Structure formats: C-alpha cells, structure tokens
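Right, one structure below, let's go through it.
Values in this text are rule-based calculations from the coordinates and carry no lab data. A quick note: this is a predicted structure, and the numbers were derived from the prediction, not measured. So basically every Cβ, Gly included, is an ideal-geometry build from the backbone, and we count neighbours across all protein chains shown.
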Amino acid sequence: MHSHANRLAASSWCGVFYVTGGGISFLADILTTPGASKTLLDASIPYSTSALEDLLHVSVDQAVATETARSLGMAAYQRAKQLNSPQPFGFGVTATLTTDREKKGATRAHWAIQTQSDTWAFELELDTAESREAQEQTLNEACWQSINAVLLQSAPLPSGANHQQADANWQQLLAHSPHTWCNKTHAGQLLLPGAFNPQHAGHRGMLETAETITGLPGAYELCVRNVDKPNLDYLTMAERVSAISDRPVWLTNLGSFVDKAEAFPKATFAVGIDTLQRVAEARFYRDSAAEMALAFRLMGELGIRFLVFGRRQGNRFVTCDDLTLPDALRRLCEPVSEDQYRSDLSSTALRKARKP
C-alpha cells in the first residue's frame, strides 16, 4: 500500500492518526513510507479502553461505534491544528477484529476523517470466518480508499459513507473566536444549555417551566466546544439539531458562562444543579479564587441569571438551596422548587439503556 502513502505524502495534507483495535497496518504503511513526515504529524494507538478514555477525556459508552470514531477523528484534527498543519486533517479508526477470545456480536470497524469543512464517517462489517490478518488487510484497503476519495479525490467513496459538509458559520464554531449560530429566529434571552445526547422529556419540561416562570420564549444551547473533550463534529451537530423540533437551537463555541454572558447579556440560563455545581468548581478558574471571583462579578455586570432546577442525587432530591455556593454566584440564582418541576430522566441513563 506504499503507493497510496506516497500519493498522500505528495499532497498538501498533514494530519494526525488515532488508531485503536484495528488499522495498525494502515498506520504502518504511512510510517514505513519515505517522507512520511510530510503527512504524519502525530499518531497514537490508545488500545485499551482506559487509554482511549484518557485520550478523549470522556467515559466511552461503546468503544467500537461511529460516535467514538468521529470523536477520535475530531481529537486528531484538533491536534493537527495545534501542530500548525497548513492543511490539517484528523483520522480516527476503532475496530473489533478476530482474536483468541470469544467475541460478542460481529467483527466490525468504524473510522472518520475530519477536516476544516467536512466530517466523513465510514463503517465496515468484517467476515468473522476470516483470520485477523485477512480482516486487517480488508480494513487497510477500505481506509486507503476513503483517504483517496476524501482527501485526494482519486477513488470512489466506500459504500455506506456518511458525510456532513459545514458552511462558513459552522466552520467558525471550530475556530478560536467566540461564535454563535441559531437555526431559527430567537433573541437569546432564555436558554437551556446542554449536550442533548439525547434530548428527552426532562429537557422539554425544564424549558417549558422556565418559559412559564420568566415569560420569555426559550431555546436550547448546544456548545460544540468542551474544556476537556474533543469538539463536536459536523455530523453530530447536524444530528442533534435535527433531533430537536420543539424549540430553536443555538450552536455555540462558548465553553464558559463568562463567554455565554458576553454573547447573551441579560439572558436567563435554565440549568440543573449539576451544571451549577460545575460553575462553582475552582478547576475551571485555574484554581484561582481571584479568577473565580472576577468571573462571577462579570456575569453579574452582564446581567445574566441562573434559573436552577433540582435533581435527584442518590436517594434525595437536591435543590439549589442545598448547595454550598459562593455568595456572588448565589445572588445570580433563582431556585425552582420540586413542586414547580421535577424530572429524574437522565441522558446518560437513556444512552446506557439503548446500548446494544
């Protein structure tokens, strides 16, 4: 496969490769090709689940899944940008191949290619009757076909490709400058931040209750950037926006509530106590009491408010009044009582319930 690696090396693309469970021979093709440094900026093989979670800074619901491959691709792309690639891309692959242990389910592979303008995702079911070496070769050929098709435009796409191209607005969400985009007309004065993975009746009930309390029309805010995790890829953005039909959705890259306050001055944010607890954690302010105090002061000056919904924690329902908060933060909060609204639904529990 060195001819493929030579063609990639001759292009202007420079990328990072994260490979787990399969695709090792694909990475070996690049590493053993003269001039590999023209293409390969960095590579990692997070083979165990703990290594994979360390790389992605998130608990992985399912290692071999399109969501994991996309996260690997996005993490690789972000790393390529950090390394000042003139034309960056990220490649992530996760696979389960034949081993000497009994396998549950099919042997399969998922991989993704991330660029500034596009997210591409691919999947391949592998023949369980084949040896591991044969499966690795099949995956190797499919990975090279996707590279040739997406980056070099020199081959047809593998079957089953999933693709989302981003317009200029969405591309700006992956840039460093603050940016917001809304899929409908909305003033941005009542927002429910969240990951919405998936959106559920609890989110809808919270926003409806917040609208009743404030008298404002509400919208969801989906932040594509996280302090620790990879950014959301374009396919995930599109999927989560399209899954929400009851209210407008703001996509933002505003990772802190100071950033949100500057973009949405005088807004009310409907949040659960778990979110408010994170707002009060010193680690988000570089463990600086002065920096935390400044953040709360700026939020207050910008006129934002937190409408705080309680949640079940363990065997009790915990409200804002039960939390130990800095006075400057508490002054920005209005508690929502259990009588006003309670829901014990959890996106994490819903994801675990649907996990095959």
Worksheet item: Placing +1 at every Lys and Arg Cβ and -1 at every Asp and Glu Cβ, with all other atoms neutral, what dipole size does the chain have around its Cα centre, in debye to the nearest 20?
Response: 360
Item to complete: Filter the chymotrypsin sites (Phe, Trp or Tyr not before Pro) in region 18-119 down to the DSSP loop ones having no more than 16 other Cβ atoms within 10 Å, then list what survives.
Response: Tyr47
Response to the item:
Across Asn253, Asn84, Asn315, the residue with the highest GNM fluctuation in the chain (Cα network, 10 Å cutoff) is Asn315
Worksheet item: Any idea what Rg and Dmax come out to for region 62-186 if you just take the C-alpha atoms, in Å?
Response: 16.7, 56
Fill in: Exposed GluC sites (Glu not before Pro) absent - longest run of the chain, DSSP non-H/G/I/E/B, at most 16 other C-beta within 10 Å
131-280
Item to complete: Among Val224, Val318, Val93, determine the one that fluctuates most according to a GNM of the chain built with springs between C-alpha atoms less than 10 Å apart.
Response: Val318
Item to complete: Compute the relative contact order of the chain as a whole-number percentage, counting only Cα pairs closer than 8 Å that sit 6 or more residues apart in sequence.
Response: 13
Discussion item. Can you tell me the orientation of helix 132-150 relative to the chain, as the angle in degrees between its alpha-carbon axis and the longest Cα principal axis, to the nearest 10?
Written reply: 70
Discussion item. Could you work out the relative contact order of region 38-143? I mean the mean sequence separation of Cα pairs under 8 Å and 6+ apart, divided by the number of residues, in percent.
Written reply: 22
Worksheet item: For the chain, how many pairs of lysine residues have a Cα-Cα distance under 30 Å, where the two are 8 or more positions apart or belong to different chains?
Response: 17
Discussion item. Only Cα pairs within less than 10 Å get springs; with that Gaussian network setup on the chain, which residue of Gln171, Gln114, Gln340 has the largest fluctuation?
Written reply: Gln340
Worksheet item: With Cβ to Cβ distances under 9 Å as the rule, what net charge do the other residues near Thr268 carry (K, R +1; D, E -1)?
Response: +1
Response to the item:
By the Kirkwood definition, with r running over pairs of different Cα atoms, region 273-356 has a hydrodynamic radius in Å of 14.4
Worksheet entry | Kirkwood Rh, Cα atoms: Rg over Rh of region 171-354 | 0.93
Worksheet item: Counting alpha carbon pairs within less than 8 Å and at least 6 residues apart, what relative contact order, in whole percent, applies to region 177-331?
Response: 26
Worksheet entry | Long-range Cα-Cα pairs in the chain (distance over 28 Å), rounded percent | 49
Fill in: Integer Hz, Karplus 6.51/-1.76/1.60 couplings in order for region 72-80, x for Gly and Pro
5, x, 5, 4, 5, 5, 4, 5, 4
Item to complete: For region 1-107, state which trypsin sites (Lys or Arg not before Pro) are in a DSSP loop and have at most 10 other beta carbons lying within 10 Å of their beta carbon.
Response: Arg101, Lys104
Response to the item:
The size of the Cβ-based charge dipole (Lys, Arg +1; Asp, Glu -1) of region 171-354 about the Cα centre, to the nearest 20 debye, is 340
Response to the item:
Listed with the fewest Cβ neighbours within 10 Å leading, Cys182, Cys143, Cys223 appear as Cys182, Cys223, Cys143
Worksheet item: Regarding region 179-273, what is the average projected area of its C-alpha convex hull, in nm²?
Response: 6.0
Item to complete: Of the DSSP beta bridges with both residues in region 244-356, give the percent that are antiparallel, rounding to the nearest 5.
Response: 25
Fill in: Local electrostatic count at Ala238 - Lys and Arg +1, Asp and Glu -1, tallied over other residues with Cβ under 13 Å
-2
Worksheet item: Just in region 235-274: which trypsin sites (Lys or Arg not before Pro) are loop by DSSP and have at most 12 other Cβ atoms within 10 Å?
Response: Lys266
Worksheet item: Of Phe317, Thr275, Ser346, whose Cα points farthest to the positive end of the dipole of region 237-356 (charges on the beta-carbon: +1 Lys, Arg; -1 Asp, Glu; origin at the Cα centre)?
Response: Ser346
Worksheet item: Among residues other than Ala175 whose Cβ falls under 11 Å from its Cβ, what is the net charge (Lys/Arg +1, Asp/Glu -1)?
Response: +2
Worksheet, complete the sentence: Under the helix-only model (-39500 (n - 2.57) for each DSSP H run of 4 or more, divided by the residues of the chain), the mean residue ellipticity at 222 nm, to 500 deg cm²/dmol, is -10500 deg cm²/dmol
Item to complete: Measure nothing fancy, just the Cα-based angle from helix 289-301's long axis to the longest principal axis of the chain, in degrees from 0 to 90, nearest 10.
Response: 70
